[in-house]
Amino acid sequence: MNRVFDKPGIIKITGLQGALIELALFFIGASLIRDYFMIEIDTITYYWVMFTCLTGIWELAYILNKDMVSDMAHELVFNNEHAWGKTYNLRMILPHNLSKVFYAEYAAYADRIYACTTESWRYWSIIIEGTHCLCCGLWAMIAIYSCMVNGGAVTNVTSQAIIMSMSYQEMNSILYISMYCVQLFDSTNVNYIDPINFPLSDRKFMLINICWTVMPFIILMNALIT
């Protein structure tokens, strides 16, 4: 399939390099925003809330490009390769392009429902990503915006928006992981444990969900304590 970031370019990078570059740019950009607006949100909370905003952009890009992501995921499985080792041009680091690479890898080697386009399960990934984008990403953006317009101060709106975002995120993760565990033992599901075609040992990327479960819990506990 002819994808914009697959076209020849002067600078070529691997999927892993692109992901690391985007994360570096994210932390630099988030730090500059924090300093410029003198945002007073504590460090851990601030960067995770900002990352939740970025995640919302990735999720929206996935929903809008689900069919393309599905094709990319099937291609990875068929060729027995990983997106992180493939070569792309530098446009790959744009958030909407990295989203396609990230979700293609995730759909191929973590949750294959994300690659479903014809089965009834195709809507499950859209629901999970869509609700996270709307309920977590949007509230995270509201929290940051409220700080910006109030001279960096953490207002009641800021605090409530952070709590809303992280509460939704925690519940979203719990429900998603719980359903995934059910799917592992359903022989009719694409995520069924198949020792030959899709063993658990091939699903290391699934561990990334630990971040979206642990981090909101830590932030919510911190909010309760302080």
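Miscellaneous remarks
- Counting only protein chain heavy atoms and rolling a 1.4 Å probe, the accessible areas of E170, E40, E119 rank, largest first, as E40, E119, E170.
- A helix-only calculation puts the chain at -21000 deg cm²/dmol for mean residue ellipticity at 222 nm, using -39500 (n - 2.57) for each DSSP H run of at least four residues, averaged over all residues.
- Rolling a 1.4 Å probe over the protein heavy atoms gives the chain an accessible area of 52 Å² per residue.
- With K and R counted +1 and D and E -1, the other residues having a Cβ less than 15 Å from that of A30 yield a net charge of -3.
- Separation of the V157 and F27 label points, Cα + 7 Å toward Cβ, nm: 3.1 nm
- If you plug the beta carbon distance of D42 and Q17 into 1/(1 + (r/R0)^6) with R0 = 45 Å, you get a FRET efficiency near 0.90.
- Within the same chain, aspartates and glutamates fewer than 8 places from K100 are excluded, and of the rest, those with a Cα less than 16 Å from its Cα are D6, E22, E59, D67, D71, E75, E81, D111, E129.
- Inter-probe distance in nm under a simple model that places probes 7 Å from Cα toward Cβ, at I10 and N150: 4.6 nm
- A simple spin-label model places the labels of S187 and S120 1.9 nm from each other, with each point 7 Å out along Cα-to-Cβ.
- Mean separation of Cα contacts under 8 Å, 6 or more apart, over the residue count of the chain: relative contact order %: 24 percent
- Between helix 122-131 and the chain there is an angle of about 10 degrees, using the helix long axis and the longest principal axis of the Cα atoms.
- Cα gyration tensor shape for the chain, rounded if a/c is under 1.5, else prolate or oblate: oblate
- Loop sites in the range 189-226: chymotrypsin sites (Phe, Trp or Tyr not before Pro), DSSP, at most 15 other Cβ within 10 Å: Y192
- In degrees, nearest ten, helix 43-64 long axis to first principal axis of the chain (Cα): 40 degrees
The values are calculated or read from the model by the stated rules, or taken from the named source; none is laboratory data. Computed from a prediction, not measured in an experiment: that's the story for all the values here. For neighbour counting, all protein chains shown are included, and Cβ atoms are generated from backbone atoms with ideal geometry for every residue, glycine included. Quick note on the areas: whole protein, heavy atoms, side chains included, nothing else; ligands and nucleic acids left out. Shrake-Rupley method; radii C 1.70, N 1.55, O 1.52, S 1.80 Å.
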